[in-house]
Amino acid sequence: MEHALRALLGDDGVLPGTTRAYLTDATESRNIRGRADAVALPRDAAQVRDTVAWCYKHDVPITPRGGGSGFTGGAVPLDGGVVLSLERLAGPPQLEPERWRAHVPAGVTTAELSRRAREEGLLYAPDPGAAEQSQLGGNIATNAGGPHTFKYGVTGTWVTGLELVLAPGELISIGGPVRKDVAGYDLKSLIVGSEGTLGIVTAAWVKLLPAPEAQLPVVAFFPDVETGCQALTTIMASGLVPAALEYLDEIAVAHAIRAFPGEAPRDPAFMLIAEADGSVPEAQRLRAELLEAMAPGALATHAPEQRGEIRELWRWRSGVSLAVISVRGGKVSEDIVVPLEYLAEAIIATREIGARHDLPACSWGHAGDGNLHSTFMIDLEDPAEMHRSEQAAEDLFSLAVRLGGSVSGEHGLGLVKRGALAQQWPGPAVALHESIKRLFDPKGLLNPGKKVANR
């Protein structure tokens, strides 16, 4: 297999299937590791097409891979075949600042796209946690989100066109540098979030927006979950639209608070982070309104103004996951979503599920979206704890469905949530989901075993 791929891609375009870095993603901490026969590193979309065509002709499974930062095993090859990495499709984004848009190869990292946009006075808002590692193609595959997608929308909101390779090896474009297109079925949106199971994205057209002049966060600490969630309700009911609206529960705060870049009260049980943006007067006015909405019942508030202080706050927020991991060396974290009115119930239930399975638990996440990162802290060397964490995750999925929510808000299904969709969707919808997969990929070779609706 390696010899045939080298004929297509050159000697520098193929690595042995035993190359460790390509056999895992962020689920490696859960001991999820795959097996591959070869790793393909195409240089451009034409080589992606040729690789897919060869694999389809020879019935070889294909596992597309971006930055490998996913939390569901989506980039892990299950039963051999070819890992098709898009990392070399990383030519610079082609920005057209006067038209608020860019054409971006799939291998460009999220952070690079955001930086290039800011240099032109523009905004690309999706900001998943691993922005320096994650690539646009992977963001599109999972429809990735982040804190600032509360106001500005997840990745798919920003995509106006795709270049992609379909089975059995066809390079096509859908959409483009346009802002409106209802001429056919919305194939673009079908590909976004499909986790490489329907096609492999090689480039995208994305829209950009003028960057806000000011970004002013507000932090509030509360004595309990209910009071904090009431402040969230007050913000929403007041018609305020912060750019981000985040939360940390009591245990998450306790593990991260030592590094908090500001004054904090003793032992808070809940924390909200909101951000006002816009022109300087707009951001200042919204910040004052957010403070007014959050202050009743709050133990304390914090409103940094200097750019460095604001940067440190968001750096601290990005480090919450690492702070939680450090407690016991590992974690299992799921990204369930519930309607906003059930957020407090889901936060409390996360702790209860953990206690039921004898695991310390906490949550944090995107409060404005009802998106919890419900987390169980585990000892990675203890197989029994790993097993109990998997059972706890199943209980989380059942909780989300019972409350009218979703088993995934931004990480996708991948491998670790295969079958969970059948709990959420009715039978006819699940059957349609599987029919779409067969239509796009009749041999079942594109990222097999992932995004599976039924077990």
Answer residue from the stretch 43-53, given it is open to solvent by 40 Å² or more (accessible area, probe 1.4 Å) and more than 15 Å from Leu15 (Cα to Cα) and is farthest from the chain's Cα centre (by Cα) among those: Asp50
Among the numbered conditions (1) modelled with pLDDT of 95 or more; (2) more than 25 Å from Ser69 (Cα to Cα); (3) open to solvent by 40 Å² or more (accessible area, probe 1.4 Å); (4) assigned to a helix (DSSP H, G or I), tell me where Asp358 comes up short. (4)
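Counting only residues that are under 18 Å from the mean Cα position of the chain (by Cα) and more than 15 Å from Ala254 (Cβ to Cβ), which one in the stretch 304-321 is most open to solvent (accessible area, probe 1.4 Å)? Give the derivation first.
So the first thing to find is which residues in the stretch 304-321 are under 18 Å from the mean Cα position of the chain (by Cα), and the list is 314-315, 317-321.
Now restrict to residues that are more than 15 Å from Ala254 (Cβ to Cβ): 314-315, 317-318.
Numbers: Trp314: 41, Arg315: 128, Arg317: 22, Ser318: 81 Å².
Among residues in the stretch 304-321 that are under 18 Å from the mean Cα position of the chain (by Cα) and more than 15 Å from Ala254 (Cβ to Cβ), the one most open to solvent (accessible area, probe 1.4 Å) is Arg315.
Take the residues of the stretch 378-416 that are part of a helix (DSSP H, G or I) and of a type in the set (S, T, N, Q): which is most open to solvent (accessible area, probe 1.4 Å)? Full working, then the answer.
So the first thing to find is which residues in the stretch 378-416 are part of a helix (DSSP H, G or I), and the list is 383-402.
Those still in the list that are of a type in the set (S, T, N, Q) too: 389, 391, 398.
Numbers: Ser389: 0, Gln391: 79, Ser398: 56 Å².
Among those residues, the one meeting the criterion is Gln391.
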Of all residues in the stretch 92-103, which are outside any strand (DSSP E or B), in contact (Cβ under 8 Å) with a residue 12 or more places away in the chain and open to solvent by 50 Å² or more (accessible area, probe 1.4 Å)? Pro92, Arg99, Trp100
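Is it fair to say Arg118 is in contact (Cβ under 8 Å) with a residue 24 or more places away in the chain, open to solvent by 20 Å² or more (accessible area, probe 1.4 Å) and in contact with a Gly (Cβ under 9 Å, 6 or more places away or on another chain)? Steps first, please.
Details: in contact (Cβ under 8 Å) with a residue 24 or more places away in the chain: yes; open to solvent by 20 Å² or more (accessible area, probe 1.4 Å): yes; in contact with a Gly (Cβ under 9 Å, 6 or more places away or on another chain): no.
No: the conditions fail for Arg118.
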Restricting to strands (runs of 3 or more DSSP E) lying wholly in the stretch 1-75: which have 2 or more residues that are of a type in the set (Val, Ile, Thr) and at negative phi? 62-65
Index of the failed condition, Tyr342 passing every other in (1) outside any helix (DSSP H, G or I); (2) aromatic (Phe, Trp, Tyr); (3) surrounded by fewer than 20 Cβ atoms within 10 Å (Cβ to Cβ): (1)
Tell me which of these Val337 doesn't satisfy, since it passes every other one: (1) out of contact with any Gly (no Cβ under 8 Å at 6 or more places or on another chain); (2) open to solvent by 10 Å² or more (accessible area, probe 1.4 Å). (1)
Filter the stretch 169-211 down to residues that are open to solvent by less than 30 Å² (accessible area, probe 1.4 Å), over 28 Å from Ser435 (Cβ atoms) and not in a strand (DSSP E or B), then give me how many there are. 1
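Yes or no, residue by residue, for (1) surrounded by 14 or more Cβ atoms within 10 Å (Cβ to Cβ); (2) in a loop (DSSP other than H, G, I, E, B); (3) modelled with pLDDT under 95:
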{"site": "Val253", "(1), (2), (3)": "yes, no, no"}
{"site": "Asp267", "(1), (2), (3)": "no, yes, yes"}
{"site": "Pro281", "(1), (2), (3)": "no, no, no"}
{"site": "Gln284", "(1), (2), (3)": "yes, no, no"}
{"site": "Glu289", "(1), (2), (3)": "yes, no, no"}
{"site": "Thr301", "(1), (2), (3)": "yes, no, no"}
Here are the criteria: (1) in a strand (DSSP E or B); (2) in contact with a Cys (Cβ under 9 Å, 6 or more places away or on another chain); (3) over 16 Å from Ser408 (Cβ atoms). Tell me which single one Thr375 does not satisfy. (3)
Assuming Gly17 fulfils every condition listed in (1) open to solvent by less than 40 Å² (accessible area, probe 1.4 Å); (2) modelled with pLDDT under 95; (3) in contact with a Lys or Arg (Cβ under 8 Å, 6 or more places away or on another chain); (4) not aromatic (Phe, Trp, Tyr) apart from one, which condition is it? (2)
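Of all residues in the stretch 79-91 being in a loop (DSSP other than H, G, I, E, B) and in contact with a strand residue (DSSP E or B) (Cβ under 8 Å, 6 or more places away or on another chain), which is farthest from Gly196 (Cα to Cα)?
The residue in question is Gly91.
With respect to Ala40, is the statement that it is among the hydrophobic types (A, V, I, L, M, F, W, C), in contact (Cβ under 8 Å) with a residue 12 or more places away in the chain and open to solvent by 20 Å² or more (accessible area, probe 1.4 Å) true?
Values: among the hydrophobic types (A, V, I, L, M, F, W, C): yes; in contact (Cβ under 8 Å) with a residue 12 or more places away in the chain: yes; open to solvent by 20 Å² or more (accessible area, probe 1.4 Å): no.
No: the conditions fail for Ala40.
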For Phe222, only one of the following conditions fails: (1) buried (at least 16 other Cβ atoms within 10 Å of the Cβ); (2) closer than 30 Å to Val178 by Cα; (3) not basic (Lys, Arg). What is its number? (2)
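The values are calculated or read from the model by the stated rules, or taken from the named source; none is laboratory data. Predicted model only: the values in this text are computed from it and were never measured. Backbone-built Cβ (ideal geometry, glycine too); neighbour counts: all protein chains shown. The protein model used for the area step is the full one, side chains on, heavy atoms only, and it has no ligands, DNA or RNA in it. Shrake-Rupley method; radii C 1.70, N 1.55, O 1.52, S 1.80 Å.
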